[in-house]
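Here the structure comes first, spelled out in structure tokens, and everything after it is commentary.
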Amino acid sequence: MAQSEQITPSALQELLGNGKLAGSWTLDAARSEIGLKSKSMWGLVPVKGVFRQITGNGTLSPAGEVSGTISVVAFSFMVQEPSGIMARSSARSRSESLRM
């Protein structure tokens, strides 16, 4: 699959269910992005940005069951301003985890 291709939900279900992808996986931070978009921050302005420091791993069972963890460093959030300029978040550095 080419880097810019999107996989369809049915094709993804087939890949997950046939057991060929079973095993442990590690998130490729260089090719991954976690973003945040809000119509309004504190009622003032719309906000759009990305987290620059992310890590993650997961496990896929032969039956297609998925589990894993994604960690985001909150301080790595970069806000894209309407001018297109990226600005670093002033939040304190800490890691937030999301269990899948």
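Count of region 10-28 residues, restricted to those that are under 12 Å from Gly58 (Cα atoms) and of a type outside the set (Ser, Thr, Tyr), is 6. Residues in region 12-31 that are without any contact (Cβ under 8 Å) to a residue 24 or more places away in the chain and either touching a strand residue (DSSP E or B) at 6+ places or on another chain (Cβ under 8 Å) or more than 16 Å from Glu65 (Cα to Cα) (or both): Asp28, Ala30. The set of residues in region 25-75 that are closer than 20 Å to Ala11 by Cα and in contact with a Ser or Thr (Cβ under 6 Å, 6 or more places away or on another chain) comprises Thr59, Ser67.
Under the condition of being aromatic (Phe, Trp, Tyr) and out of contact with any Asp or Glu (no Cβ under 9 Å at 6 or more places or on another chain), the residues counted in region 9-52 number 2.
Considering Lys48, Lys20, Lys39, the condition of being touching a Gly at 6+ places or on another chain (Cβ under 9 Å), of a type in the set (D, E, K, R) and at pLDDT below 90 is satisfied by Lys48 alone. The set of residues in region 25-34 being among the small types (Gly, Ala, Ser) and surrounded by 11 or more Cβ atoms within 10 Å (Cβ to Cβ) consists of Ala29, Ser32.
Listed here are the strands (runs of 3 or more DSSP E) enclosed by region 1-64 that have at least 3 residues being within 19 Å of the chain's Cα centre (by Cα) and under 30 Å from Val79 (Cα atoms): 34-41, 45-51, 54-60. Looking at Arg94, Arg88, Arg99, just one residue is surrounded by 12 or more Cβ atoms within 10 Å (Cβ to Cβ) and at pLDDT below 75, and that residue is Arg88.
The values are calculated or read from the model by the stated rules, or taken from the named source; none is laboratory data. These numbers were taken from a predicted model, which means no experiment stands behind them. All Cβ positions, glycine included, derive from the backbone under ideal geometry; neighbour counts span all protein chains shown.
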